[in-house]
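Each remark here refers to the structure printed beneath this line.
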């Protein structure tokens, strides 16, 4: 049971090394950015609470190292995940090409009850951009992924992408799921997970169709 929240969603941040996964988490959880942030060793962990349709949802966010030498320790963290932010660097074509292998990994390790959002970080760096928004939008649509560009440095769309992912998970597991498969308040199957920083909160409301609104493709005007 979760006395401090109605639901708990486990979210993984995946992607190649140096695409800015830790910076996105720092911007969302702490509201700050540092260009001197060191590479994640293994896994980092933060918590932030949001309000979704009148329910308190605790987001447990796991920031994973993207380096090849850390891949062996990641499978244990896939267990029980509800959502994934799959991050590439808009200034690195190679990080975008790696998305296919990350998707294969996610589908091997996770159940089909998982929500994936593709995130193009560093969209503020227009001079060094190598992956166009049009290309990424087409890729995401072809693979039926939500997509958003963001900038951990400027803060553009960072909170939005986490909130949209939470709303998508809530829609899938609570609003749209059949009664026999619906995630019940107070249960998530991940009770072994620990506490983290409570963070701030934000409220979402149901629309007239009974679903939470999500933006889908996010534009970056930095």
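Throughout, read-outs are computed from the coordinates displayed, never taken from laboratory work. Nothing here was measured: the structure is a model prediction, and the numbers come from that model. For neighbour counting, all protein chains shown are included, and Cβ atoms are generated from backbone atoms with ideal geometry for every residue, glycine included.
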Order the peptides 175-182, 147-154, 83-90 from the highest to the lowest mean number of other Cβ atoms within 10 Å of their residues.
-> 83-90, 147-154, 175-182
Mind ordering 156-163, 99-106, 52-59, 127-134 by average Cβ neighbours within 10 Å, highest first?
-> 156-163, 52-59, 99-106, 127-134
